[in-house]
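Presented below is the structure to which this report refers.
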Amino acid sequence: MSSRRSVRQLVVAVLLGVLVGGGLMAVTPAGAEVSNAVATNWKKIWKKNLKPLADKRYYTKAQSDTKYQPKGSYETAGSGYSKAETYSKGETYSKGETYSKAEIDAKLAPFVNSVAASAGGDDAVSLTTADQVVRSVSLMPPADGTVIVSSSAYIWAAGATDVVARCSITTGTAVDGAAFQYVNMPAAAIAESDSIAGTRAFPVTKGNLLTVNLVCDEFEGNVVVSDSWLTAIFAPN
């Protein structure tokens, strides 16, 4: 008799719990929120309310493939260049002729391995009527091209007299009449000075050393050349 009563009491307690819990869910704010969340059809809301508002600035995968990868461009095996084809110059392809790494390196070498030489500084060289090498530079061309040579100095009178001095940038040891740098100071006072400067170009061949001189002479008067500079810069063809 007591066991039946216990079972009956347990069933009644469970039913009361369900009724009370359901009432709380319906009456309290927290219970109402949970109840609404359970009853909400999120899939339906996404499809009808949220998805139409999604940002359409971005492409789908299919749209991207269509726009940036035309059909057949990568689908057919061998449709692109192989590594060997890319580095071969033996054939001409629809996208133009290509060069090997060695050929590209050879073409860029003159720019990468550019060279220059310079000589100069504080000096005072007394000139005579004989031609005299005042400065000299040497340069080894890394390729066929041209060497641009520039010079500068100043001439001053070592005595009160007429002064005439001549200089040239040349590969020889004599003043070159085709490239005179000329100073003329009539009735010059002692230490009166004038500047000279010039530029000249020399064609060169790869591997052949080029030596260029600044050659000067004293054509008239008592002349000194000072602070001379000579600079050579290689330029490829």
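Sticking with the crude label model, points 7 Å out along Cα→Cβ, report the distance from Asn237 to Ala174 in nm, one decimal please.
Going by the 7 Å Cα→Cβ label model, 3.0 nm.
Each residue of segment 170-185 in turn: what ³J(HN,Hα) in whole Hz from Karplus with 6.51, -1.76, 1.60 and θ = phi - 60°, glycine and Pro shown as x?
7, 8, x, 10, 10, 4, 9, x, 7, 9, 5, 10, 10, 10, 10, 10
Which of the peptides 154-164, 177-187, 210-220 is most tightly packed, and how do the rest follow, judged by the mean count of other Cβ atoms within 10 Å per residue?
Working: 154-164: 18.9, 177-187: 14.1, 210-220: 21.1.
For the peptides 154-164, 177-187, 210-220, the packing ranking is 210-220, 154-164, 177-187.
What accessible area per residue comes out for segment 99-237, rounded to a whole number of Å², with a 1.4 Å probe?
Values: 6910 Å² over 139 residues.
Computed with neighbouring chains in place, this is 50 Å² per residue.
Rounded to the nearest 10 Å², what accessible area does Arg200 show when all protein chains are kept and the probe is 1.4 Å?
Estimated to the nearest 10 Å², Arg200 gives 60 Å².
Testing the spin-label approximation: label points 7 Å from Cα along Cα→Cβ at Ala201 and Gln63. State their distance in nm.
5.7
Roughly what would the spin-label model give for Asn208 and Glu192, points 7 Å off Cα along C-beta, in nm?
Reported label-point gap for Asn208 and Glu192 is 4.5 nm.
Carbon and sulfur atoms: what percent of the 1.4 Å accessible area of segment 100-237 do they account for? Numbers along the way, then the final one.
Numbers: 3710 of 6820 Å².
Heavy-atom surface of segment 100-237 belonging to carbon and sulfur, 1.4 Å probe: 54 percent.
Taking a label point 7 Å from the Cα of Ser226 along the Cα→Cβ vector, which residues of segment 113-157 have an amide N closer than 12 Å to it?
122-126, 154-157
Taking a virtual spin label 7 Å from the Cα of Tyr182 along the C-beta vector, which residues in segment 215-237 bring their backbone nitrogen under 18 Å of it?
215-221
Can you give the local net charge around Ser126? Use residues other than it whose beta-carbon is closer than 12 angstrom to its beta-carbon, Lys and Arg +1, Asp and Glu -1. Present the calculation step by step, with values, prior to reporting the outcome.
Numbers: positive: none; negative: Asp123, Asp217, Glu218.
Net of charged neighbours comes to -3.
The values are calculated or read from the model by the stated rules, or taken from the named source; none is laboratory data. What you see is a predicted model; the values in this text were computed from it and never measured. Virtual Cβ from ideal backbone geometry, glycine too; neighbours counted across all protein chains shown. Just so you know, the surface numbers come from the protein's heavy atoms only, side chains and all, with ligands and any DNA or RNA stripped out. Shrake-Rupley method; radii C 1.70, N 1.55, O 1.52, S 1.80 Å.
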